[in-house]
Amino acid sequence: MIREFTEQDRKLYTEMASEFYHSDAVLHPVPDEYFEKTADEALASDAYAQIYILECDGEPAGYGLTAKTFSQEAGGYVIWLEELYIRPSYRSRGLGSEFFACVENKYAGKAVRFRLEVEEDNTRAIALYKRLGYEVLDYVQMIREQ
């Protein structure tokens, strides 16, 4: 089951986000206070960020995080699938596909593109994304921290 994040999920979310950011799926950990900022933003409104809790047999199995943007190149709204974390004991049970279907159904007719990034060596995730119809976008991403 996929459900929207609530204040009661804050501790659970921050625990799972910490698990995710201490895994091989990310380049480096981020400070714990970033998880709190994300939770605050998602609870304030769904204008920028939305957190989803993934459950399996009534147990917390992971979370998903989306963000919204507008793209001239795409011609409309883009939903960034920022994070998908599924706890190891719940993997390969269809939760990833269920999460993508949930988000894509929510934004059907509203978003023109769904976008994500993935570590090159995360072959399991890449295989899922390709099965779901995602293609590699040949851009080099660059950032400048403020």
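Please give the FRET efficiency for Gln8 paired with Asn122, using the beta carbon to beta carbon distance and R0 = 35 Å, rounded to the nearest 0.05.
Result of the calculation: an efficiency of 0.70.
Using the Cα centre as the reference, give the magnitude of the dipole from point charges on the C-beta atoms of the chain (Lys, Arg: +1; Asp, Glu: -1; all else neutral), rounded to the nearest 20 debye.
Approximately 540 debye in magnitude.
Whose amide H sits under 5 Å from the amide H of Ser23, counting only residues 5 or more places off or on another chain, with H placed in the peptide plane?
For Ser23, no residues qualify.
Starting from the Cα-Cα distance between Trp80 and Ser97, subtract it from 0.36 nm times their residue separation and give me the gain in nm to one decimal.
Separation in residues times 0.36 nm, less the Cα-Cα distance, equals 4.5 nm.
Name the long-range amide H neighbours of Glu82: under 5 Å, sequence gap of 5 or more, or other chain; modelled H, no Pro or chain starts.
Leu65, Thr66, Ala67
Any of Lys68/Lys106; Lys11/Lys110; Lys37/Lys130 with alpha carbons more than 21 Å apart? Name them for me.
Listed pairs above 21 Å: Lys11/Lys110; Lys37/Lys130.
Using a 1.4 Å probe on the protein heavy atoms, what percent of the accessible area of the chain belongs to carbon and sulfur?
The nonpolar share, carbon plus sulfur, comes to 49 percent.
Loop only per DSSP, at most 16 neighbouring Cβ atoms within 10 Å: give me the GluC sites (Glu not before Pro) in the stretch 1-76, ordered by residue number.
Glu73
Can you give me the relative contact order of the stretch 14-54 as a percent, contacts being Cα pairs under 8 Å and 6 or more apart? Walk me through the numbers on the way to the answer.
Values: 21 pairs, mean separation 11.0, N = 41.
After rounding, I find 27 percent.
Mean separation of Cα pairs under 8 Å and 6+ residues apart, divided by the residue count of the chain: what relative contact order is that in percent?
With pairs under 8 Å counted, the relative contact order is 20 percent.
In terms of modelled amide H atoms, which long-range or inter-chain residues lie less than 5 Å from the amide H of Gly62?
Correct list: Leu54, Arg87.
Under a 10 Å cutoff between Cα atoms, tell me which one of Gly133, Gly62, Gly96 has the largest fluctuation in the Gaussian network model of the chain.
Gly133
Report the extension gain between Gln146 and Ala25 in nm, rounded to one decimal, defined as 0.36 nm multiplied by the number of residues separating them, less their alpha carbon distance. Write out the running numbers ahead of the final one.
Details: separation 121, 0.36 × 121 = 43.56 nm, distance 2.43 nm.
Taking 0.36 nm per residue and subtracting the Cα distance, the gain is 41.1 nm.
How much accessible area per residue does the chain have, in Å², with a 1.4 Å probe?
64 Å²
What longest range of the chain stays clear of loop-exposed chymotrypsin sites (Phe, Trp or Tyr not before Pro) (DSSP non-H/G/I/E/B, at most 14 other C-beta within 10 angstrom)?
With chymotrypsin sites (Phe, Trp or Tyr not before Pro) excluded where exposed in loops, the chain gives 49-138 as its longest stretch.
Using θ = phi - 60° and the Karplus form 6.51 cos²θ - 1.76 cosθ + 1.60, what ³J(HN,Hα) does each residue of the stretch 105-117 get, whole Hz, x for Gly and Pro?
Values per residue, Gly and Pro as x: 5, 4, 9, 4, x, 10, 9, 9, 8, 10, 9, 8, 10 Hz.
The values are calculated or read from the model by the stated rules, or taken from the named source; none is laboratory data. Small disclaimer: the values here were computed from a predicted structure and weren't measured. Because the Cβ atoms are built from the backbone with ideal geometry, glycine has one as well, and the counts that use them run over all protein chains shown. When the accessible area is computed, the model is the full protein with side chains, heavy atoms only, and any ligands, DNA or RNA have been set aside. Shrake-Rupley method; radii C 1.70, N 1.55, O 1.52, S 1.80 Å.
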